[in-house]
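The values are calculated or read from the model by the stated rules, or taken from the named source; none is laboratory data. These figures come from a predicted structure and were not determined experimentally. With ideal geometry, Cβ positions are generated from the backbone for all residues, glycine too; neighbour counts draw on all protein chains shown. With ligands, DNA and RNA removed, areas are computed over all heavy atoms of the protein, side chains included. Shrake-Rupley method; radii C 1.70, N 1.55, O 1.52, S 1.80 Å.
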Amino acid sequence: MSASDQLTALDATFLELEQADESALMHIGAALVFAAPPSGETPTLGELREHLDQRLDLLPRYRQKLDAPRTGGFAWPCWERDQRFELGAHVRHATLPAPGDEREFLDWISDFYSHRLDRSRPLWEIVLLDGLANDRWALVWKTHHCLVDGVGSVGIVDLLLDSDPGVHEPSAAHAGPILASDERQHEWLPRPLEPAGQAASAGIAAARAGAHALIHPRETLERSRAIVDLLVRDELIAAPRSSLNVPIGATRRIATVHVELHDLQAVRAALGGKVNDVVLCAATGALRGLLLARGEEPPRKGLRAMVPVNLRQQSDDGELGNKVSTLFIELPVAEADPLRRYQLVRAAVERHKAGGQALAASAVTGLTELAPPVLHASLARSLYAKRLFNITITNVPASPRRLYAFGAPMIDVVPIVPLAAEHAVAIAVVSYAGAVTFGLYTDRATVPDLDLLSDGILTSLRELAALGGQTAAAH
């Protein structure tokens, strides 16, 4: 067994969060919606299993399970081949209740993502879901976060799908990644400012850190300052109290908002910044509206969002595991003026990126690797505590080109991101083939007003579009 078969401390964190609280479900995933194939017939379960069986060798980790279902003790769990692996246990079929419209679809996937994966088996599952209106069908999948992060999961989807509607042999169809390396560098997914993030994301061994400090004293000083700033800002100055951060259950509810990517790009072009700023500002306006509707005064210093940062390099394409850090962005929910709100969001993102906060957060995460597994659980919980942040908002780019399965075009992607304990709302955003989907993932019991959040995102985007139009007209 090689060292690469052992979980990193970051990978194990997602197992520990589940062990600490029954409400924490640490899987990621997406529902991939397809139009009818050219034949007019939805693929059968047997055809899907054969399709995946031919390509699963490209993802050997998906035939492996943990050698121990729980963390703890003096060593991290390792991946080992599941001698009883059965593809049928991971790939099954379901039919949506009639009439198969959006309401039934969202209810079904909400229930699907409300159940944990079985840790005695490889930690993934795919359902072939038919019965959708207009002859559509879906592949709905979930994978435990200890196995892969959000950006890595995009590569997995690339491997399982085709770049054109023709029939391919798996060896020819996927000799290389569907997305070219420059297309993976999508402008609205935050990336580290310095290559030093690679070392931080891999974990900071004391000897390596000491040697690096001697060779690069200025960089070490800058990173130390960033770490101190992060700890003071995000540990000593706690995230504000909010109705978004209360004890939750394990039953989820999902809503979606669909917009065109060129509309977000038009706002960015008119108001400056990046598409990511538009996304965060839309979420800010929606959260402001939700709090006001609940009779809750928006916190003056803003809600704090945890925004994952991609630390993957081109050489990491296709690798599993987690290679992410975080930015903690204050969302100015107390600001009523949408233009000023956008300016504040943009400034907050730039301030944290320029201050090296992503690398600092990665360094703090790396330092937790120095703790033995038996002591790591408490550190893991602190990294995802409500004291540290109020909400997760993540942006993951999928393919800019249309993808296919069984000759059928994929027409929609509904992403999800996990909810940690006492975090009732998370927002996952994905761009695909010129469209953008906001996936709103919530605790069903504590967020009965989810429609206010989805409506609020559309309202906020309309406000920004109007401001962009005014700016363009003025020039």
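Checking Ser431 against (1) at pLDDT below 95; (2) among the hydroxyl-bearing types (Ser, Thr, Tyr); (3) open to solvent by 10 Å² or more (accessible area, probe 1.4 Å), only one condition comes out false. Which one?
(3)
Search segment 13-26 for residues that are buried (at least 21 other Cβ atoms within 10 Å of the Cβ) and pair each with any residue that is of a type in the set (Asp, Glu) when their beta-carbon atoms are under 6 Å apart and the residues are at least 6 apart or on different chains.
Taking only residues 6 or more apart or on different chains, the pairs are Ala24/Glu18; Met26/Glu18.
Report yes if Ala133 is at pLDDT 75 or above and open to solvent by 20 Å² or more (accessible area, probe 1.4 Å), otherwise no.
Working: at pLDDT 75 or above: yes; open to solvent by 20 Å² or more (accessible area, probe 1.4 Å): yes.
Yes, satisfied.
Determine which single condition Pro60 fails, assuming it passes every other condition in (1) of a type outside the set (D, E, K, R); (2) over 21 Å from Leu161 (Cα atoms); (3) free of Cβ contacts under 8 Å to residues at least 60 places away in the same chain.
Unmet for Pro60, out of (1) of a type outside the set (D, E, K, R); (2) over 21 Å from Leu161 (Cα atoms); (3) free of Cβ contacts under 8 Å to residues at least 60 places away in the same chain: (2).
Which condition number does Asp451 fail, the rest of (1) closer than 18 Å to Val259 by Cβ; (2) charged (D, E, K, R); (3) in contact with a Ser or Thr (Cβ under 9 Å, 6 or more places away or on another chain) being met?
(3)
Which pairs do you get when a residue that is farther than 14 Å from Leu25 by Cα and touching a residue at least 60 places away in the same chain (Cβ under 8 Å), found in segment 109-135, comes within reach of a residue that is aliphatic (A, V, I, L, M) and part of a helix (DSSP H, G or I), reach meaning Cβ atoms under 7 angstrom, with the pair 6+ apart or on two chains?
Partner pairs satisfying both residue conditions: Leu128/Leu45; Leu128/Leu48.
Does segment 64-92 hold any residues that are within 21 Å of Lys142 (Cβ to Cβ), in contact (Cβ under 8 Å) with a residue 40 or more places away in the chain and surrounded by 16 or more Cβ atoms within 10 Å (Cβ to Cβ), and which are they?
Gln64, Lys65, Leu66, Thr71, Pro77, Trp79, Asp82, Val91
Could we say that His51 is in a helix (DSSP H, G or I) and within 29 Å of Ile411 (Cβ to Cβ) here? Give the derivation first.
Working: in a helix (DSSP H, G or I): yes; within 29 Å of Ile411 (Cβ to Cβ): yes.
Criteria met by His51.
Would you say Asp67 is modelled with pLDDT of 90 or more and touching a Cys at 6+ places or on another chain (Cβ under 7 Å)? Can you show your working first?
Working: modelled with pLDDT of 90 or more: yes; touching a Cys at 6+ places or on another chain (Cβ under 7 Å): yes.
The answer is yes for Asp67.
Would you say Ile109 is in a helix (DSSP H, G or I) and surrounded by 15 or more Cβ atoms within 10 Å (Cβ to Cβ)? Before the answer, list the steps.
Numbers: in a helix (DSSP H, G or I): yes; surrounded by 15 or more Cβ atoms within 10 Å (Cβ to Cβ): yes.
Answer is yes for this residue.
Matching residues to (1) under 22 Å from Ala31 (Cβ atoms); (2) outside any loop (DSSP other than H, G, I, E, B):
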residue	(1), (2)
Val413	yes, yes
His423	yes, no
Ala426	yes, yes
Val430	yes, yes
Leu440	yes, yes
Asp455	yes, yes
Leu458	yes, yes
Glu463	no, yes
Leu467	no, yes
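Could you tell me whether Val364 is of a type in the set (Val, Ile, Thr), in contact with a Phe, Trp or Tyr (Cβ under 8 Å, 6 or more places away or on another chain) and modelled with pLDDT under 90? Even if it seems obvious, please write down each step before you answer.
Details: of a type in the set (Val, Ile, Thr): yes; in contact with a Phe, Trp or Tyr (Cβ under 8 Å, 6 or more places away or on another chain): no; modelled with pLDDT under 90: yes.
For Val364, the condition - of a type in the set (Val, Ile, Thr), in contact with a Phe, Trp or Tyr (Cβ under 8 Å, 6 or more places away or on another chain) and modelled with pLDDT under 90 - is not met.
Could you tell me whether segment 382-390 includes any residue that is modelled with pLDDT of 90 or more, open to solvent by less than 10 Å² (accessible area, probe 1.4 Å) and not acidic (Asp, Glu)?
Of all residues in segment 382-390, those modelled with pLDDT of 90 or more come to 389-390.
Within this subset, residues satisfying the condition of being open to solvent by less than 10 Å² (accessible area, probe 1.4 Å) are 389-390.
Checking which are not acidic (Asp, Glu) leaves us with 389-390.
The answer is yes, given that some residue of segment 382-390 is modelled with pLDDT of 90 or more, open to solvent by less than 10 Å² (accessible area, probe 1.4 Å) and not acidic (Asp, Glu).
Out of the residues in segment 448-475 that are within 20 Å of the chain's Cα centre (by Cα) and buried (at least 18 other Cβ atoms within 10 Å of the Cβ), which is nearest to Val345 (Cα to Cα)? Step through it out loud before you land on a result.
Of segment 448-475, the ones within 20 Å of the chain's Cα centre (by Cα) are 450, 453-454, 457.
Now restrict to residues that are buried (at least 18 other Cβ atoms within 10 Å of the Cβ): 450, 453, 457.
Numbers: Leu450: 23, Leu453: 18, Ile457: 15 Å.
Per the criteria, the residue is Ile457.
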